[in-house]
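The values are calculated or read from the model by the stated rules, or taken from the named source; none is laboratory data. Since the model is a prediction, treat every value here as computed from it, not as a measurement. When we count neighbours, we look across all protein chains shown, and the Cβ atoms used for this are built from the backbone with ideal geometry, even at glycine.
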Amino acid sequence: MGEAGVKSRVAFILVDGLGDVGIPSLGFKSPAEAAKTPNLDALASGGVSGLMDPVEPGLGCGSDTAHLSLLGYNPRIYYRGRGAFESLGAGLAMVPGDIAFKSNFATIDEESGVVTSRRADRHFEGPGPILCAALNGLKLPSYPEYKVSVRYATEHRCGVVVSGPGLSGNISGSDPLKDHRLLLKVKPLDDTKEAAHTANVVNELSDVIRGILRSHPLNAERLKEGKAIANLVLLRGCGIRIDVPTFMEVQGLRPCMVAPTKIIAGLGLSLGIDILEAPGTTGDYRTLLTNKATAIAKALAAPLTPPPNVFVPGEEDPKPGFAGGYDFGFLHVKAIDDCGHDKAMKLKVKAFEAVDTMVAQLARLLWEAEKEGGVQYSICITGDHSTPVEYGDHSYEPVPFTICQVKDFVKAKGGEHVVLSTDLTPFNLPQAADAAKATIVVDESSGSMKAVAGDSVARFGETAAARGCLGRFTGSEMMGVIKHYMAMNTSTTSV
């Protein structure tokens, strides 16, 4: 137990696509196990670990359903499609009755109707906004009463919102889900007139988008340069905005999030989580991990004190507000998942090593804040699903979970002089080309670190986590585990 009155706050690191399987060329270790991760190992040494099924055992889930489950919202009850998350995160407004799509700029063979590439170009931050501007506000000849809004999101993705009467979110998408397959026609998923009508509207939308992109001068330039053209937008994950209690109402913790990946930011906004800005963070391979750590540490170190009540125009009673500060800081890392989808085994190993460096920087910043007194900090790290590099897609393997008090991390690292000497210089993830040339030497130092607190685990990874005291649990239990750990290590919490 901690000292009376000490508050507890947690930095929650979600590594998208963290889990993997044993790879023969890595000595049947996963990328996380093969990587050199002394700081993640120190978290395991000082904390408690387990294996987690983000939604349920045997389910290969998406990031959106997994995140809902982890944050305490049963996706079988609350999930209404991922399109609204992507669109909200991209900055598009939605009202009840609107439908939205998580969409890809893609390449289609015009003669055959075959989608030759579901991602026109993963690095699309230049062309993406230009093409979105051309699509935003487009008109549907047969359905002039509908408004279409399009905005660039991340990498090859954009958000698309359709507003108008009588729309249903219960329709399929146009995405064939794999390259070299025919573009799909959108179909109703129930027998209602609304669903049938909406499918017709969206099929026309798909055709109109293709016409605009086909004739866009940017695609003509890309063709001359030998680049893949973006002559199609795949409309997938049709969804409506969910109406749920806020994360603070459900969990009793004041949350913030650093998530440049728009679908995750949109999910956070749907749950009332404040989205923080972190310069240089992109949600892809180019992201500055240090700036994510800095933003989360600063938010968690700020005072958590209620200001005078806030008056809302049009309402007689004042509403409670907060002057600043948070006690649950969510830090999202997307690039690991990209490595899995791209089947980039060496890059996934090297990217884990970059995450390990970020963990050291975050621990230093939180330890400096803790030394000022009044708050004890913990760091929790886990994943939302497995994206094995040999599969190139999401799978059903459980993911490792570790939570550790920063003071025990300091102990595992050999003292605060080691932690406080951590270099805080911002750095990028390794480049794919450089990682592909790298020689991966599997880290066999698992016996060099011993557990200093918590359970007997002293290594971060799938196999080691299976021996942790938390055992194997589901994502719906995760917030309970985190809050119990926070309360167990302090006599009172910050809520």
Restricting the search to segment 178-197, which residues are farther than 23 Å from VAL115 by Cα and not hydrophobic (A, V, I, L, M, F, W, C)? ASP190, ASP191, THR192, LYS193, GLU194, HIS197
Do we find a residue being buried (at least 24 other Cβ atoms within 10 Å of the Cβ), in contact with a Pro (Cβ under 7 Å, 6 or more places away or on another chain), among the β-branched types (Val, Ile, Thr) and part of a strand (DSSP E or B) anywhere in segment 111-125? yes
Take the residues in segment 186-201 that are assigned to a helix (DSSP H, G or I) and without any contact (Cβ under 8 Å) to a residue 60 or more places away in the chain, then tell me which one is farthest from the chain's Cα centre (by Cα). LYS193
Take the residues in segment 82-96 that are surrounded by fewer than 24 Cβ atoms within 10 Å (Cβ to Cβ) and in contact with a strand residue (DSSP E or B) (Cβ under 7 Å, 6 or more places away or on another chain), then tell me which one is nearest to SER172 (Cα to Cα). ARG82
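Given the criteria outside the structural domain of GLY17 (by TED's automatic domain parsing) and within 21 Å of the chain's Cα centre (by Cα), does LEU235 qualify?
yes
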Restricting to segment 134-160, and then to whatever is out of contact with any Cys (no Cβ under 7 Å at 6 or more places or on another chain) and not in a loop (DSSP other than H, G, I, E, B), can you tell me which residue is farthest from GLY283 (Cα to Cα)? LYS147
Residues that are surrounded by 14 or more Cβ atoms within 10 Å (Cβ to Cβ), of a type in the set (D, E, K, R) and not assigned by TED's automatic domain parsing to the domain that holds HIS123: does segment 203-220 have at least one? no
Quick one: what pairs do we get from segment 68-95, first residue touching a residue at least 40 places away in the same chain (Cβ under 8 Å) and on the phi < 0 side of the Ramachandran plot, second part of a helix (DSSP H, G or I) and aromatic (Phe, Trp, Tyr), C-beta under 9 Å, 6+ apart or different chains? LEU68/TYR78; LEU71/PHE247; TYR73/PHE247
Identify, from the list VAL150, VAL115, the residue that is in contact with a helix residue (DSSP H, G or I) (Cβ under 9 Å, 6 or more places away or on another chain) and β-branched (Val, Ile, Thr). VAL150
Under 7 Å between Cβ atoms, which residue pairs at least 6 apart in sequence (or on different chains) link something in segment 203-217 that is closer than 14 Å to PHE105 by Cα with a partner that is assigned to a helix (DSSP H, G or I)? ILE209/LEU135; ILE212/ALA134; ILE212/LEU135; LEU213/LEU131; LEU213/ASN219; HIS216/LEU131; HIS216/ALA134
One residue from LEU223, LEU131, LEU177, LEU213 being at pLDDT below 95 and not in a loop (DSSP other than H, G, I, E, B): LEU223
Give all pairs with beta carbons closer than 6 Å in which a residue from segment 280-297 that is among the basic types (Lys, Arg) meets a residue that is surrounded by fewer than 24 Cβ atoms within 10 Å (Cβ to Cβ) and part of a loop (DSSP other than H, G, I, E, B); count only pairs at least 6 apart in sequence or on separate chains. LYS292/ALA278
May I ask you to list the residues in segment 61-81 that are of a type outside the set (A, V, I, L, M), crowded, with 23+ Cβ neighbours inside 10 Å and in contact with a Gly (Cβ under 6 Å, 6 or more places away or on another chain)? SER69, GLY81
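Considering only strands (runs of 3 or more DSSP E) fully contained in segment 1-110, which possess at least 2 residues that are hydroxyl-bearing (Ser, Thr, Tyr)? Outline the logic, then answer.
On the way: elements: 7-15, 48-53, 99-108.
It comes to 99-108.
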Pull up segment 131-157, narrow it to residues that are among the aliphatic types (A, V, I, L, M) and closer than 16 Å to ASN231 by Cα, then point me to the one that is surrounded by the fewest Cβ atoms within 10 Å (Cβ to Cβ). ALA133
State whether the residues of segment 389-402 include one that is under 27 Å from ASP337 (Cβ atoms), modelled with pLDDT under 95, of a type in the set (A, V, I, L, M, F, W, C) and assigned by TED's automatic domain parsing to the domain that holds ALA302. no
